[in-house]
Each structure stands twice: as structure tokens, then as C-alpha cells.
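Asks: Quick one: this structure, given as C-alpha cells, is what I'll be asking you about.
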Amino acid sequence: MFSRSSSKMLGLMLMVVTWIPISAPAGGMLEVTELLSHPEQYDKQSVMVIGRVTNLQIATNRQGQLAYGFLLKDDSGSVKVIGLGKADVRDGEQVIVEGVFNRLRQTGRAIIYNEIKAGLIRPLERLNPDLVG
């Protein structure tokens with residue numbers, strides 16, 4: 001009835017639901033696809049998105065604080081994730097990102113589209129490695 005990957009994803013989602021704090025965003029867990037399909041609906045809203053970390057970059061901002069950025073990807077696309085502090089994630093790791101989504105943000109002359117300012121990042125492989133494919 002379900003494929004092996006569908007069963008793993010269902011198991012993963014059930015496991016994740018048990019880890020979602022009471023203060024989780026009202027809309028629940030999103031996939032990158034949903035966020036990219038309706039960016040105006042989620043603009044400046046708290047979101048919880050699942051995906052894979054790619055292109056992790058560590059830097060120091062103008063105030064001398066440690067900062068990070070990476071792309072959160074799934075099969076349909078990617079959103080940029082930024083945050084302050086140390087990112088306790090690795091390239092290729094599947095994670096849940098909680099933060100505030102911005103459809104667009106202007107910084108100087110540059111416009112940045114589809115970005116999440118992370119408040120919390122949870123690596124799924126460390127929660128239960130048997131459920132992650």
C-alpha cells in the first residue's frame with residue numbers, strides 16, 4: 001500500500017509531531033514546496049520547515065557576532081536560512097527549521113527572496129536515525 005520511502009516519511013512525520021513544542025507555529029510543519037508556492041501567505045510569519053542543509057556558510061557579522069547561512073532544500077526547491085550563533089548542523093543533514101519567513105528583504109541595494117531567520121534548528125538524524133532516509 002505504501003512505498004518504503006512513503007512509510008519512512010510517515011514515520012518521520014509521526015515522530016516529529018511528538019517533538020513539536022506547544023508554541024509551534026499554528027500552520028504546523030511545512031515543506032519547502034508549500035512555502036515557495038504561497039510565499040505571500042507566510043510572509044513575516046513563524047514557520048516550521050523540513051529539508052536538507054546545503055551550502056552551509058559560517059561568518060562573522062558587522063557587530064562581530066558569529067552568524068551562519070545555508071540553503072534548506074527538498075525535491076522542489078530551496079529557501080535561504082540565516083541565523084546568529086553557532087549552527088549545530090552539517091551539509092547534507094536533514095533538519096527542521098523554526099523561524100520567521102520573509103518573502104523579500106532589502107539589504108542595501110540587494111533584494112533577498114525567500115529567507116527564514118532561524119530561531120531553532122533541530123537535526124532529525126539525531127532525534128531518531130532509523131526514520132531518516
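The values are calculated or read from the model by the stated rules, or taken from the named source; none is laboratory data. Quick caveat: nothing in here was measured; it's all calculated off a predicted structure. When we count neighbours, we look across all protein chains shown, and the Cβ atoms used for this are built from the backbone with ideal geometry, even at glycine.
Asks: Sort out for me the strands (runs of 3 or more DSSP E) sitting completely within region 23-74 that have 2 or more residues that are out of contact with any Lys or Arg (no Cβ under 6 Å at 6 or more places or on another chain) and of a type in the set (Gly, Ala, Ser).
Replies: Fully inside region 23-74 and qualifying: 45-60, 66-74.
Asks: Residues in region 102-110: is at least one of a type in the set (Val, Ile, Thr) and free of Cβ contacts under 8 Å to residues at least 40 places away in the same chain?
Replies: Yes.
Asks: Let me ask something else. It is to be established whether one or more residues within region 110-124 are in contact with a strand residue (DSSP E or B) (Cβ under 9 Å, 6 or more places away or on another chain), under 21 Å from Leu30 (Cβ atoms) and not in a strand (DSSP E or B).
Replies: yes
Asks: Sticking with this one: Step by step: first the residues of region 102-112, then only those that are surrounded by 12 or more Cβ atoms within 10 Å (Cβ to Cβ) and modelled with pLDDT under 95, then the one that is nearest to Thr54 (Cα to Cα). Which residue is that?
Replies: Ile112
Asks: Now for a separate question. Considering only region 51-79, state which residues are surrounded by 13 or more Cβ atoms within 10 Å (Cβ to Cβ), out of contact with any Asp or Glu (no Cβ under 8 Å at 6 or more places or on another chain), among the hydrophobic types (A, V, I, L, M, F, W, C) and more than 16 Å from Leu124 (Cβ to Cβ).
Replies: Answer for region 51-79, where residues must be surrounded by 13 or more Cβ atoms within 10 Å (Cβ to Cβ), out of contact with any Asp or Glu (no Cβ under 8 Å at 6 or more places or on another chain), among the hydrophobic types (A, V, I, L, M, F, W, C) and more than 16 Å from Leu124 (Cβ to Cβ): Leu66, Ala67, Leu71.
Asks: Taking region 75-88 as the region of interest, how many residues are at pLDDT 95 or above and either of a type in the set (Ser, Thr, Tyr) or in a loop (DSSP other than H, G, I, E, B) (or both)?
Replies: Result for region 75-88: 1.
Asks: OK, next. Give the residue that is surrounded by the most Cβ atoms within 10 Å (Cβ to Cβ), with candidates limited to residues of region 80-101 that are touching a Pro at 6+ places or on another chain (Cβ under 9 Å) and under 18 Å from Leu36 (Cα atoms). Walk me through how you get there before you give the answer.
Replies: Pass one, region 80-101, residues touching a Pro at 6+ places or on another chain (Cβ under 9 Å): 88-90, 93-96, 98, 101.
So of that shortlist, the ones also under 18 Å from Leu36 (Cα atoms) come out as 95-96, 98, 101.
Details: Val95: 24, Ile96: 20, Glu98: 20, Phe101: 22.
Per the criteria, the residue is Val95.
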